[in-house]
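Peer 1: Let me begin by handing over the structure; questions about it come next.
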Amino acid sequence: MSDPTLINTLIDHVVTGADAQEWRNSARLQIQSGAFLCLSGSARTRRGAKPPRWAPAEDEFLRCNLGYLSEEDIALALGRTVMAVHLRWRRDLRLPAPSRAPGWLTATQAALLLGLDGHKVTHWCDVGLIPSRRMPGDRQVRLIRIVTLERWVISTANWIYFDWRKIPDARLRRLCELRQQRWGDEWW
């Protein structure tokens, strides 16, 4: 296994704030018999050792926070690796990707429903015209609830931003047509 003085030296250097690369060069760390130190936790781990089983509470946390927290944040909260979190929700739990969650549309998908350019709907989300939220991560994906988009589209106050008669989605266009008939504003 590892030399106890090596572990003590590592702890001393970490506590005093020494640079990890400088320590590696000065201590000439040698991995003996396939063992290595896990710097993220206090436990020593062997290569090939299986991680602990996923608890039902961890699965529930993952289900509730996927799409609201980044995979990095979920991994940090659960004490798992980012790859373990990704494989768990994708392969084991078979959850839909956060951008394909039921009841949600991306700004690009909403633009296709309205027959508009995706940049226009993204801008509307950014300035607050359409209530939305950003998906965590670097991609800056805007997510809109389907019900919220439908309410926004049939609101006559928002018709100044688009022509509802050019909406390619027949259901949304029909909802706007019914709203226009109930509105009764002849000059429009």
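The values are calculated or read from the model by the stated rules, or taken from the named source; none is laboratory data. All values derive from a computational prediction rather than experimental measurement. Methodologically, a virtual Cβ is constructed for each residue, glycine included, from the backbone with ideal geometry; neighbour enumeration extends over all protein chains shown. Just the protein is used for accessible areas: all its heavy atoms, side chains included, with ligands, DNA and RNA removed. Shrake-Rupley method; radii C 1.70, N 1.55, O 1.52, S 1.80 Å.
Peer 1: Given the conditions (1) open to solvent by less than 50 Å² (accessible area, probe 1.4 Å); (2) at pLDDT below 55; (3) under 32 Å from the mean Cα position of the chain (by Cα), which single one is not true for ARG44?
Peer 2: That leaves (1) as the condition not met.
Peer 1: Does LEU105 count as open to solvent by 50 Å² or more (accessible area, probe 1.4 Å), under 30 Å from ASN65 (Cα atoms) and not β-branched (Val, Ile, Thr)? Walk me through it before giving the result.
Peer 2: Numbers: open to solvent by 50 Å² or more (accessible area, probe 1.4 Å): no; under 30 Å from ASN65 (Cα atoms): yes; not β-branched (Val, Ile, Thr): yes.
No: the conditions fail for LEU105.
Peer 1: Still on this model: Within region 59-92, track down each residue that is in contact (Cβ under 8 Å) with a residue 40 or more places away in the chain, part of a loop (DSSP other than H, G, I, E, B) and open to solvent by 70 Å² or more (accessible area, probe 1.4 Å).
Peer 2: Answer for region 59-92, where residues must be in contact (Cβ under 8 Å) with a residue 40 or more places away in the chain, part of a loop (DSSP other than H, G, I, E, B) and open to solvent by 70 Å² or more (accessible area, probe 1.4 Å): just TYR68.
Peer 1: Can you name the condition, by its number, that LEU112 falls short on among (1) open to solvent by less than 50 Å² (accessible area, probe 1.4 Å); (2) within 30 Å of THR156 (Cβ to Cβ)?
Peer 2: (1)
Peer 1: Could you check region 115-171 and list, in sequence order, the residues that are within 19 Å of ARG100 (Cβ to Cβ), surrounded by fewer than 14 Cβ atoms within 10 Å (Cβ to Cβ) and among the basic types (Lys, Arg)?
Peer 2: Hits for region 115-171 are ARG134, ARG139.
Peer 1: Among the residues of region 116-124, is any touching a helix residue (DSSP H, G or I) at 6+ places or on another chain (Cβ under 9 Å), over 30 Å from GLN181 (Cβ atoms) and hydrophobic (A, V, I, L, M, F, W, C)?
Peer 2: The answer is no; no qualifying residue exists.
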